[in-house]
Amino acid sequence: MKLIAIETSERIGSLFALARGTDSGDMAVGLRLPAGSRSAQTLAPCLAELLQKTGWRAIDLDAVAVSSGPGSFTGLRIGVTTAKLLAYAAGCRVVEVNTLRAIAAQAAEPGQAGWVVMDAQRSELFAARVDATGELGPVEIVPQADWLAGLKPGEWVAGPALAKLVARLPEGVSPAAEESWAPTAETIGRLAAKAVEAGQTTDPVDVTPKYFRPSAAEEKRAAEEKRQSQAAG
């Protein structure tokens, strides 16, 4: 099995190539997108570099994995679109991985419940609870203050949103190691490999970014339509 994973939900994206069952055993190659540059500008050339490093052609791929959300609207759109195009070119299927699920896989403490969070803007968070078995609960959008107030001693927390919140954590709540806060393409790829083996893949045409909330433009348009409807009524 050969797959490439794409992670662009955060400011610094990454790519990961994984091959299993080769003559020399498993092969893994990772690549970080350049810091300070937009994923839209760097993703395609970095993907070409990764294929060159592995010696693969697109047609060699058995699956493409991508972090499908939540995360940056622009980053998710670029990552998902690239994953779809690559899968079309390869004639393969896509594995969508929830971004918070990837963070949980990196940070979860065995036998201990916790939370993973990402910045949702407007002083809100994308948050999901992780139970003691490592299962991810539903993704919610919650005010930062409410989430902090609801934390319980003994829980762990992880996610890029902690960069601004770690100093405000209640006593008894433990932040996971900082290197586990940001989702990585390697984690996306390794989770996706298990999904491929289980037959849990998606046709590229059905893959969409999972924003978990309307964009500001969509909310503005909805408010304007509501205003117009009320004025007409």
Checklist entry - Mind checking whether some residue in segment 173-183 is touching a Phe, Trp or Tyr at 6+ places or on another chain (Cβ under 6 Å), surrounded by 17 or more Cβ atoms within 10 Å (Cβ to Cβ), farther than 17 Å from Ile103 by Cα and at pLDDT 95 or above? => result no
Checklist outcome for this item: Subset of segment 64-83, residues surrounded by fewer than 20 Cβ atoms within 10 Å (Cβ to Cβ) and either of a type in the set (Phe, Trp, Tyr) or in contact (Cβ under 8 Å) with a residue 60 or more places away in the chain (or both), comes to Phe73, Arg77
Checklist entry - Of the residues Gly13, Gly30, which single one is open to solvent by less than 20 Å² (accessible area, probe 1.4 Å) and either closer than 20 Å to Leu85 by Cβ or among the small types (Gly, Ala, Ser) (or both)? => result Gly13
Checklist entry - Can you name the condition, by its number, that Ala90 falls short on among (1) crowded, with 24+ Cβ neighbours inside 10 Å; (2) more than 26 Å from Trp156 (Cβ to Cβ); (3) among the hydrophobic types (A, V, I, L, M, F, W, C)? => result (1)
Next on the checklist: Every residue in segment 139-159 that is open to solvent by 30 Å² or more (accessible area, probe 1.4 Å), out of contact with any Lys or Arg (no Cβ under 9 Å at 6 or more places or on another chain) and touching a residue at least 24 places away in the same chain (Cβ under 8 Å), please.
Outcome noted: Gly154
Item to check | Candidate set: segment 185-216, residues that are open to solvent by 50 Å² or more (accessible area, probe 1.4 Å) and of a type in the set (S, T, N, Q); chosen: the one farthest from the chain's Cα centre (by Cα) | outcome: Gln200
Next on the checklist: Which condition from (1) farther than 30 Å from Ala89 by Cβ; (2) open to solvent by 90 Å² or more (accessible area, probe 1.4 Å); (3) within 19 Å of the chain's Cα centre (by Cα) is the one that Leu162 breaks?
Outcome noted: (2)
Checklist entry - Across segment 100-115, which residue is surrounded by the fewest Cβ atoms within 10 Å (Cβ to Cβ) among those that are more than 14 Å from Leu191 (Cβ to Cβ) and in contact with a Lys or Arg (Cβ under 9 Å, 6 or more places away or on another chain)? => result Ala113
Checklist entry - Across segment 35-63, what is the number of residues that are part of a loop (DSSP other than H, G, I, E, B) and surrounded by fewer than 14 Cβ atoms within 10 Å (Cβ to Cβ)? => result 5
Checklist entry - Name the residues in segment 116-138 that are open to solvent by 40 Å² or more (accessible area, probe 1.4 Å), on the phi < 0 side of the Ramachandran plot and not basic (Lys, Arg), would you? => result Asp119, Glu124, Asp131, Ala132, Thr133, Glu135, Leu136, Pro138
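The values are calculated or read from the model by the stated rules, or taken from the named source; none is laboratory data. All values reported here derive from a predicted model rather than from experimental measurement. Don't worry about glycine lacking a Cβ; one is built from the backbone with ideal geometry, like all the others, and counts go over all protein chains shown. With ligands, DNA and RNA removed, areas are computed over all heavy atoms of the protein, side chains included. Shrake-Rupley method; radii C 1.70, N 1.55, O 1.52, S 1.80 Å.
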